[in-house]
Amino acid sequence: MKKKPIDKKGKESKEKAREFAKFAPGFESQDKEVQYEDLEIKGDIPEWLEGAFIRTGPALYELEKQNYNHWFDGQAMLHKFAFNNGKVSYHNKFLESDAYKLGKINGKVCIKEFATDPCQTLFQKVKSFFVPPRSTDNGNISIITYGDENLATSETPLPIAFDKETLETLGHFEFSDDLKGHIQPAHPHYDDEGYVYSYLLKFGPVSKYSLFKMKPDDRERKVFAEMKTRNPSYMHSIGMSKNYIIVTEFPETINPMELAFLNKPLIKNYHWKPELGTKYRIFSKASGELVTMEGDAVFGFHHVNAYEEDQKIHVDFVAFKDASVLDRLYLAELRSNHPTHATGYLSRATLDLNQPNQKVELKRLSDKLIELPRIYYEKYNSKPYRYVYGAGNTVSGNFLDDITKIDVETGDSKKWYHEHCYPGEPIFIPSPDNEAEDDGVVVSVVLDTDAKNTFLLVLDAASMEELGRAIVPEVLPFGYHGSYLN
């Protein structure tokens, strides 16, 4: 009997696939609430670090009768790393949103999520034609502050307050106005006076963006500009310079009538239409006046920074060539052996207000792939800046496998990379006597699939050298965003 020839290429590809599967444990459910008072430390944690690093992210993907489909769908868990004189403690707690509580009680999805619909009876399906679906309050995306309130938020206007000491859920943040809408970016902006800036999108036959500013103390969202549209875009964030709000309309658009009548998960109603190009909507914060400029079709989740220079606005964000990254983040794909490309390029759109009819060109600021970008926001937001920190990619297709620092002036980059370690969003924390833009530390939560645990990593922000790590004897699921609360 003739032996089959050895398929070397096939063998190599299977071995390579197994390497890509290393990050899959980060997409499994973590259904335990745990507390560790004194984590094992390797290296040194700076003693000047005080307060807590709090994150949110999806942690529950399976219910008794139904599972969630997408990374963005999982029910939120809060994670807290508290610092005390070089020591670190950790505990977590589920965010008790309505979506979470109803799901646990009924064993199935009860409120429509990003890419998962509730299981509905025939009566419920008929009813949905007449009664708009309830918005999720699953605050699994970001940690923000409104005044003294600490909030977990998603992409709906239903932020949930929590106690930063105990992580206990306190309830929905109640606005004092009657502004109505369905979608709000997960990332508001803050000016030097403490005002919050964002927008609210209300779906309808003609949809409307309402841009607002809010003084957190009085909780009233004051609309300073409005824009109507028949096909709203999917936008996760906005840009803000000193005098302008920049709403970057990527051509991933929705027909709200399809949302109302086709009864599909939210993101399934959006469609990529590159022929529309990208529209940069520039709103004056003072007058609400709108200027629109256009460029080639791109997609993005995260704006990094925006600042003004000689009647030009530089708008920096992480750009993708299209919106296919949304499809790559389904759980079935992420848990498979397939390479996953989840990073883009730090890019700059320069909007010349003296030439509003000129096509906007996008300039790549670095050839290093990143996502989940952060800067020294408190000091450099809306101002010229130099450094961006992000979760990057070293091995092509290996999800997020490094922490990258990019110099936007030179395009040079530095990184921290350890094989089979998968970092989350890096947060910059300035040192007590901070002078330089990168004088401080960078912290990130990292999955170590070889050790089968997760650790809090602390890097020197200037050199990107490791200072220390605090080890949690658990595999924590991947999340998105967090805040350092001093």
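The values are calculated or read from the model by the stated rules, or taken from the named source; none is laboratory data. Because the structure is predicted, anything quoted here is derived from the model rather than measured. Positions of Cβ are generated from backbone atoms using ideal geometry, with glycine treated the same way; all protein chains shown enter the neighbour counts.
Taking the stretch 58-91, which residues are crowded, with 21+ Cβ neighbours inside 10 Å and more than 22 Å from D117 (Cβ to Cβ)?
Answer for the stretch 58-91, where residues must be crowded, with 21+ Cβ neighbours inside 10 Å and more than 22 Å from D117 (Cβ to Cβ): M77, L78, H79, K80, F81, F83, V88, Y90.
Please give the number of the condition I245 fails out of (1) of a type outside the set (D, E, K, R); (2) in a strand (DSSP E or B); (3) over 30 Å from D73 (Cβ atoms).
That leaves (3) as the condition not met.
Looking only at the stretch 237-268, count every residue that is at pLDDT 95 or above and either of a type in the set (S, T, Y) or surrounded by fewer than 19 Cβ atoms within 10 Å (Cβ to Cβ) (or both) and tell me the total.
7
Take R335 and tell me if it is among the basic types (K, R) and under 30 Å from D73 (Cα atoms). Walk me through it before giving the result.
Details: among the basic types (K, R): yes; under 30 Å from D73 (Cα atoms): yes.
Yes: the conditions hold for R335.
Out of everything in the stretch 195-207 that is free of Cβ contacts under 8 Å to residues at least 40 places away in the same chain and out of contact with any Gly (no Cβ under 8 Å at 6 or more places or on another chain), what residue ends up being surrounded by the fewest Cβ atoms within 10 Å (Cβ to Cβ)?
Filtering the stretch 195-207 for residues that are free of Cβ contacts under 8 Å to residues at least 40 places away in the same chain and out of contact with any Gly (no Cβ under 8 Å at 6 or more places or on another chain), the one surrounded by the fewest Cβ atoms within 10 Å (Cβ to Cβ) comes out as V206.
Going residue by residue through the stretch 84-99, is there one that turns out to be in a loop (DSSP other than H, G, I, E, B), farther than 28 Å from N138 by Cα and modelled with pLDDT of 95 or more?
Yes, because at least one residue in the stretch 84-99 is in a loop (DSSP other than H, G, I, E, B), farther than 28 Å from N138 by Cα and modelled with pLDDT of 95 or more.
For the stretch 305-328, enumerate the residues that are farther than 17 Å from R374 by Cα and buried (at least 18 other Cβ atoms within 10 Å of the Cβ). Working first, answer last.
Start the filter on the stretch 305-328 by keeping residues that are farther than 17 Å from R374 by Cα, which leaves 308-313, 320-328.
The answer is I313, F320, A323, V325, L326.
Condition first: touching a Ser or Thr at 6+ places or on another chain (Cβ under 7 Å) and among the aliphatic types (A, V, I, L, M). Now tell me which residues in the stretch 88-112 satisfy that.
Of everything in the stretch 88-112, those that are touching a Ser or Thr at 6+ places or on another chain (Cβ under 7 Å) and among the aliphatic types (A, V, I, L, M) turn out to be L95, A99, V109, I111.
Tell me, please, whether a residue that is under 23 Å from the mean Cα position of the chain (by Cα), within 18 Å of D137 (Cα to Cα) and surrounded by 18 or more Cβ atoms within 10 Å (Cβ to Cβ) can be found in the stretch 217-233.
Looking for residues that are under 23 Å from the mean Cα position of the chain (by Cα), within 18 Å of D137 (Cα to Cα) and surrounded by 18 or more Cβ atoms within 10 Å (Cβ to Cβ), one finds none in the stretch 217-233, hence no.
So which residues in the stretch 440-465 are farther than 17 Å from N92 by Cβ and either not in a strand (DSSP E or B) or not hydrophobic (A, V, I, L, M, F, W, C) (or both), if there are any at all?
Within the stretch 440-465, the subset farther than 17 Å from N92 by Cβ is 440-442, 448-452, 457-465.
Matches in the stretch 440-465: G440, D448, T449, D450, A451, K452, D460, A461, A462, S463, M464, E465.
What about F283, is it assigned to a loop (DSSP other than H, G, I, E, B) and aromatic (F, W, Y)? Don't jump to the end; show me each part of the working.
Numbers: assigned to a loop (DSSP other than H, G, I, E, B): no; aromatic (F, W, Y): yes.
For F283, the condition - assigned to a loop (DSSP other than H, G, I, E, B) and aromatic (F, W, Y) - is not met.
So, in the stretch 341-364, of the ones that are among the hydroxyl-bearing types (S, T, Y) and in contact with a Lys or Arg (Cβ under 6 Å, 6 or more places away or on another chain), which residue ends up nearest to K22 (Cα to Cα)?
Y345
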